[in-house]
Amino acid sequence: MYGPDAHGGIPACSCCGEPAVIFQPGKQRHLCGTHLVQDVEARVAATMKGEDQVRPGDRIAVGLSGGKDSTALLVILSRLLDGWKGASVIAITIDEGIAGYRADTLRAAEALTRQLGVEHHIISFCDLFGRDLDALLQGRETQACTICGILRKKALADAARGAGATVIATGHNLDDEAQSVLMNAFRGDIPRMVRNTGTGRSGRFLPRIKPLAAISEKEIAVYLFVQGLFSPLPECPYTRYALRSEVRAMLAGLECRHPGTMLHLMESKRKIERMCAGTPVMEHLHRCRECGDPCSGEICQVCRLRHSVLE
Ligand code: SF4
Ligand code: ZN
C-alpha cells in the first residue's frame, strides 16, 4: 500500500505511488493521471458491455457539442471501438445558432474530428427549423433550455438517421444523471425519473446510449486535462436561466462536503426504478399522432413547439 501523503502534501496514487491527480470517493482511492485514464476507459467499456450498448457492425453517432463531455466520449469511443465488434463511430454537431458561444465550440469539434479522423456532420437549427435558437427565443429566454433541448434531440435523431447511424451516443455524465434525478423529483415527475429513455432496438427509433453515465464531470475534466485535451470554452449564455444550473451548483457543493452524494442519488434512483417496475408509474411511450415520434402523451413535444414557437 502506498502512503497517503508521499509527495509533500500531494496524495500518492493507490495503484503506483506516483502523485495523484484525483480522489474517487466510491472506491476511497487516489489515482495518478495514467491510472485515471486507464480506469475511466475501463469503466466506460464495462458500462457499454454490461448494458449491451453496442452490437457488431453498429455505426455509432456521437452527439458532439465540442464541450468536454462529448469530446471525452468521442476520444474514448475512438479508442475502444478500434477493432471492437466491427463497430464504427461518426460525430454529429448541432449548431443551434447561439451568438457568442457556438462558433468556438464548433471550431473545437471540427479540430477534434480532424485529429481523430472521424467523419463529422454539422446540422443547424436554421436549416431544420427555419430560424436560429436566438431568434426562436426572443421574449422566451427563460424557456431556453427546454426549447433548445427538445429541438436538439430531434435534430440529432434526424441527422443520425440521415447519416446511416444505428445508435446515438451522448456525453451525459454522472453529474448530469444525478442532476436529472433531483430535477425530476423537484417537479414531482417520478414517471420521467424512472422511464427508460433508451427506447430499445425495436421500431424506427435509434437507441440512445450514455457510455459516460458512471463517470463524474470532475473525472472527465481531469481525464482530458492530463492528456492535454482540455480547452476552456465559453458557456452558453442561456445557462443562467436553467433550473439545472441551480441544481448543479447545489449538488456540486454537497458532493464536495459529502463525497459520494451523487453515487448515492443514483442508487436511490435504481431502488425507485425497482419499486416501480410493473406498476402504472412506468408509463409506456406512445407515438405522436402528428409525426409518429415516441412521446408520453398524444402529441410529442416537437409538434407542440411547432404549433407555438415554430409557427
Ligand atoms: Fe441549449 Fe440550454 Fe444547453 Fe444553451 S445551456 S445549449 S440553451 S440546452
Ligand atoms: Zn497510478
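Structural remarks
- Asp69 being under 17 Å from the mean Cα position of the chain (by Cα) and charged (D, E, K, R): yes
- Residue match in the range 181-192 (condition: open to solvent by 40 Å² or more (accessible area, probe 1.4 Å) and either at positive phi or in contact with a Phe, Trp or Tyr (Cβ under 8 Å, 6 or more places away or on another chain) (or both)): yes
- Verdict on Ala163 being crowded, with 21+ Cβ neighbours inside 10 Å and at pLDDT 95 or above: no
- Yes/no for Arg114 being among the charged types (D, E, K, R), more than 20 Å from Ile220 (Cβ to Cβ), in a helix (DSSP H, G or I) and out of contact with any Gly (no Cβ under 8 Å at 6 or more places or on another chain): yes
- Scanning the range 224-246 for residues that are modelled with pLDDT under 90, within 9 Å of ligand 1 (Cβ to nearest atom) and aromatic (Phe, Trp, Tyr) yields one hit, Tyr241.
- Residue within the range 94-101 that is in a helix (DSSP H, G or I) and open to solvent by 10 Å² or more (accessible area, probe 1.4 Å) present: no
- Count of residues meeting criterion [touching a His at 6+ places or on another chain (Cβ under 7 Å) and modelled with pLDDT under 95] in the range 20-33: 1
- Residue in the range 259-280 that is within 21 Å of Ile150 (Cα to Cα), assigned to a helix (DSSP H, G or I) and either over 22 Å from the mean Cα position of the chain (by Cα) or free of Cβ contacts under 8 Å to residues at least 12 places away in the same chain (or both) present: no
- Filter result (under 25 Å from the mean Cα position of the chain (by Cα) and surrounded by 13 or more Cβ atoms within 10 Å (Cβ to Cβ)) within the range 3-28: Val21, Ile22, Phe23, Gln24, Pro25, Gly26
- Within the range 234-249, considering residues that are in contact (Cβ under 8 Å) with a residue 60 or more places away in the chain and open to solvent by 60 Å² or more (accessible area, probe 1.4 Å), the one farthest from ligand 2 (Cβ to nearest atom): Tyr241
- Only residues that are open to solvent by 20 Å² or more (accessible area, probe 1.4 Å) and farther than 22 Å from Ile220 by Cα were counted across the range 54-87, and they come to 8.
- Looking at the range 124-186, the helices (runs of 4 or more DSSP H) lying wholly inside it that each contain 3 or more residues that are more than 13 Å from ligand 1 (Cβ to nearest atom) sit at 125-129, 144-162, 174-186.
- Qualifying residue in the range 48-64 (condition: touching a Lys or Arg at 6+ places or on another chain (Cβ under 9 Å) and within 16 Å of ligand 1 (Cβ to nearest atom)): yes
The values are calculated or read from the model by the stated rules, or taken from the named source; none is laboratory data. What you see is a predicted model; the values in this text were computed from it and never measured. Ideal geometry is used to build each Cβ from the backbone, glycine not excepted, and the neighbour counts take in all protein chains shown. Heads up: the accessible areas ignore ligands, DNA and RNA and are worked out on the full protein's heavy atoms, side chains in. Shrake-Rupley method; radii C 1.70, N 1.55, O 1.52, S 1.80 Å.
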